[in-house]
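**Student:** Got a structure here, written out as structure tokens. Questions coming.
The values are calculated or read from the model by the stated rules, or taken from the named source; none is laboratory data. Note that the structure is a prediction, hence the values are computed from the model and not measured. Counting neighbours? That spans all protein chains shown, and the Cβs are built from the backbone with ideal geometry, glycine included. Each accessible area value is taken on the protein alone, full model and side chains, heavy atoms only, with ligands, DNA and RNA left out. Shrake-Rupley method; radii C 1.70, N 1.55, O 1.52, S 1.80 Å.
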Amino acid sequence: MIDSDHDMWMFIPGPVNVESSVRQAMARPPINHRGKEFSQLFEALRPKTQRLMRTSNRVYFSTSSAIGLMEACARNCVGKKSLHLTCGAFSEQWHKITLVCGKEADAIAAEWGRANRPEELRKALATGKYDTVCMVHSETSTSVLNPLTEIAAVMRDFPDIVFCLDTVSSLGAAPVLVDEWGVDVCFASVQKGLALPPGFAVFSLSDKALERARAIPNRGYYFDFLVFEEYGVKSQTPTTPSIPHLYGLNHQLDRIEAEGLENRWARHRRMAEISQTWATERFACFAEAAYRSPSVTAVTNTRKLDVPALNKHLAPLNMVIASGYGKLKPTTFRIGHVGETQVTQIENLLREIDRFIGIPAGV
Ligand SMILES: *Cc1c(COP(=O)(O)O)cnc(C)c1O
């Protein structure tokens, strides 16, 4: 299962292993990013990315990691004040980014391990103080998956508000329904659910998001939505992009369509169920039930398992898992099951962790 030139299978929630044919696609020689061949590549990618995000909105490609798009939302969308729904490290980071961009921003903080609540969102929006809502779909630090169907139902009652959604660890792994949910700015970097090397991001913009950007001064340049649109209409990116990523994405989106997006979601759901069941039997799941991500399982380390020692045990077997994130490092560890990871690989990993703990097979 492991590619010959991969040292490790990464049971971490990104970056993840990149399939060998994708790496080969990325090794093709560069092309002129202002030439016809490039525009053809861009035009091939556009509908595939729209299908991936379940949207007819415009889609764009950013040679940056996803955090760049958090900054883009602050700079392009926030005129009055942004409301951040936070529930872990990445959503909290986004709130801080909006503030350091010089914008006004409040947060409704869910306790780490719990999901954001639609009724709290409704109450906050009813004050009329906000023009933008920012939230994370799958909070990778806590392994919470937020209830987007219910959140989207609230957002529909506030049609003037621009809705920005981070889908970094859900796109390609869980249903991300941009049009159905009315998401105005949806973004993800590619090193998690899309299983490409890091350093690149995709995003979609609604008409409302572009209209908003037109009314906001000092958007900067690199992440200015209107600059992306100006070049996008020419099937180009504003600056010289990571062309290898565009090649890789084009090939990987074909692979994802060959697997079937729904099948891919089901595979992730299955891996998550296996991990959650195992975690509940051996330890405890950190995320509240009914709100658990299909991409990653944060495990409360009730046995005080020595995680670095476990990774030393796993290393000769070419496996690695993730420690807890940020303030959760001393109390949790995380099993990533995202990208190209298969059910049998998760089963093997969990068996191996059992062996390390001293739990006999079949128990
Ligand atoms: C990994 C992650 C990020 C950061 O993505 P980068 O590509 O490193 O910028 C942001 N949000 C979530 C939910 C993540 O999992």
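**Student:** Mind checking which residues of region 313-344 are of a type in the set (S, T, N, Q) and open to solvent by 20 Å² or more (accessible area, probe 1.4 Å)?
**Tutor:** Within region 313-344, Asn318, Ser323, Thr331, Gln342, Thr344 meet the criteria.
**Student:** Considering Leu125, Leu148, which residue is surrounded by 17 or more Cβ atoms within 10 Å (Cβ to Cβ) and within 16 Å of the ligand (Cβ to nearest atom)?
**Tutor:** Exactly one residue qualifies, and that residue is Leu148.
**Student:** Between a residue in region 352-363 that is closer than 12 Å to Leu310 by Cβ and any residue that is of a type in the set (A, V, I, L, M, F, W, C) and in a loop (DSSP other than H, G, I, E, B), which pairs come within a Cβ distance under 7 Å, given they are 6 or more apart or on different chains?
**Tutor:** Ile357/Leu305
**Student:** Which condition from (1) of a type outside the set (S, T, N, Q); (2) within 21 Å of Asp224 (Cβ to Cβ); (3) in contact (Cβ under 8 Å) with a residue 60 or more places away in the chain; (4) more than 10 Å from the ligand (Cβ to nearest atom) is the one that Leu85 breaks?
**Tutor:** Against the list (1) of a type outside the set (S, T, N, Q); (2) within 21 Å of Asp224 (Cβ to Cβ); (3) in contact (Cβ under 8 Å) with a residue 60 or more places away in the chain; (4) more than 10 Å from the ligand (Cβ to nearest atom), Leu85 comes up short only on (2).
**Student:** Picking from Thr63, Thr55, which residue would you name as being modelled with pLDDT of 95 or more and within 16 Å of the ligand (Cβ to nearest atom)?
**Tutor:** Working: Thr55 fails: within 16 Å of the ligand (Cβ to nearest atom).
Exactly one of Thr63, Thr55 is modelled with pLDDT of 95 or more and within 16 Å of the ligand (Cβ to nearest atom), namely Thr63.
**Student:** If Gly88 satisfies every condition in (1) under 22 Å from Glu71 (Cα atoms); (2) open to solvent by 10 Å² or more (accessible area, probe 1.4 Å); (3) of a type outside the set (Asp, Glu) but one, which is the exception?
**Tutor:** Of (1) under 22 Å from Glu71 (Cα atoms); (2) open to solvent by 10 Å² or more (accessible area, probe 1.4 Å); (3) of a type outside the set (Asp, Glu), only one is false for Gly88: (2).
**Student:** Related question: Hey, any hits in region 20-33 for a residue that's within 16 Å of the ligand (Cβ to nearest atom) and at pLDDT 95 or above? Walk me through how you get there before you give the answer.
**Tutor:** Within region 20-33, the first condition is being within 16 Å of the ligand (Cβ to nearest atom), and the residues that meet it are none.
There is no residue in region 20-33 that is within 16 Å of the ligand (Cβ to nearest atom) and at pLDDT 95 or above.
**Student:** Here's something else I'd like to know. Go through (1) within 16 Å of the ligand (Cβ to nearest atom); (2) open to solvent by 10 Å² or more (accessible area, probe 1.4 Å); (3) of a type in the set (S, T, N, Q) one by one and return the number of the condition Ser141 breaks.
**Tutor:** (2)
**Student:** Take Trp181 and decide whether it is crowded, with 20+ Cβ neighbours inside 10 Å, aromatic (Phe, Trp, Tyr) and under 23 Å from Leu328 (Cα atoms).
**Tutor:** Taking the combined requirement at face value, the residue does not satisfy it.
**Student:** For the list (1) out of contact with any Lys or Arg (no Cβ under 7 Å at 6 or more places or on another chain); (2) touching a residue at least 24 places away in the same chain (Cβ under 8 Å), I need the number of the one condition that Pro217 fails.
**Tutor:** (2)
**Student:** Let me ask something else about it. Tell me which strands (runs of 3 or more DSSP E) are completely within region 135-212 and hold 3 or more residues being touching a Leu at 6+ places or on another chain (Cβ under 6 Å) and touching a residue at least 60 places away in the same chain (Cβ under 8 Å), or say none if there are none.
**Tutor:** Values: elements: 162-166, 185-189, 201-205.
In region 135-212, 185-189 are the strands (runs of 3 or more DSSP E) which contain 3 or more residues that are touching a Leu at 6+ places or on another chain (Cβ under 6 Å) and touching a residue at least 60 places away in the same chain (Cβ under 8 Å).
**Student:** When the residues of region 213-254 are filtered to those that are in a loop (DSSP other than H, G, I, E, B) and among the hydroxyl-bearing types (Ser, Thr, Tyr), which remaining residue is nearest to the chain's Cα centre (by Cα)?
**Tutor:** Ser242
**Student:** Next question, about the same structure. Only one of (1) open to solvent by 10 Å² or more (accessible area, probe 1.4 Å); (2) under 21 Å from Ala173 (Cα atoms); (3) in contact (Cβ under 8 Å) with a residue 24 or more places away in the chain is not met by Ala289, so which one is it?
**Tutor:** The single condition Ala289 does not satisfy is (3).
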